[in-house]
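Single-structure report; data block below.
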Amino acid sequence: MTVEAPVARLAALPGVSTASGVAAVAEHAQATGRLLPVRPELRALLPAGGLRRGSTVVVRGSTSLLLALLAEATAAGAWAAAVAMPHLGLAAAGESGVELSRFALVPRPGAEFAPVTAALLDGLDLVAVAPSDASVSVARRLSARARHRGAVLLSLGPWPGAEVDLACESAEWSGLEAGYGHLRERRIEVRVAGRGAAARPRFVKLMLPGGTPESSWQEKSWAEEGVG
């Protein structure tokens with residue numbers, strides 16, 4: 001599958017930006033195989049041990065977890081995009097391990113949320129969205145598009161019919177000692193639920209690396225806005 005047509009349409013839309021120019025992505029979009037890789041410590045979160053092409057995955061309460069899920073796949077050659085996340089910074093994405101040369105941002109799609117997301121699903125491997133204004137019918141159409149195109153749709157917040165639902169239940173930072181120091185890492189507990197192999201809820205504990213003040217502010221911002 002090539003991405004010339006979707007990329008050409010996206011490049012003409014206002015507010016589209018990328019780490020290295022989305023219009024240059026024409027030669028390669030799809031990593032091989034039906035399963036996109038994730039870091040070893042994240043495999044326990046997903047029924048297949050990776051991100052299954054055509055699936056929809058919900059992430060609640062943690063932008064850092066969302067970025068961590070993108071990191072290994074983009075490092076392995078997959079292309080990804082984030083839609084309707086105006087506070088998401090490239091610096092935080094890069095520190096989370098996302099390969100910025102294969103990562104596109106559409107921060108404010110406005111009324112074009114559905115067509116922009118659909119176009120990205122046509123040509124890229126992973127598309128992350130913040131679905132604050134998506135109706136149930138739009139969500140279902142976009143999930144169907146992901147299934148048909150073999151892309152992975154990740155939602156930073158509730159999404160009807162998602163196969164996997166990852167909710168960050170608690171978090172504990174480490175690195176501050178006697179009131180000073182640097183935030184080095186964060187221990188989180190993730191509730192895993194969903195359909196099929198993920199139907200039985202369970203809890204997984206894992207460590208995420210510490211971020212910049214920007215990434216910490218992003219977590220607070222998304223929580224205040226109720227996106228997950």
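Could you work out how far apart the two model spin labels at ALA76 and MET207 are, taking each label as a point 7 Å from the Cα in the direction of the beta carbon, and quote it in nm?
Once both label points are built, they end up 2.3 nm from each other.
Count the net charge of all other residues whose Cβ sits under 11 Å from the Cβ of ARG53, scoring Lys and Arg as +1 and Asp and Glu as -1.
Residues close to ARG53 contribute a combined charge of +3.
Quick check: net charge around ALA151, other residues with Cβ under 13 Å of its Cβ, Lys/Arg +1 and Asp/Glu -1?
+4
Only the coordinates and a few stated rules stand behind these numbers; no lab work does. Because the structure is a prediction, the values reported are computed rather than measured. Quick reminder, even Gly has a Cβ in these numbers, built from the backbone with ideal geometry, and neighbours come from all protein chains shown.
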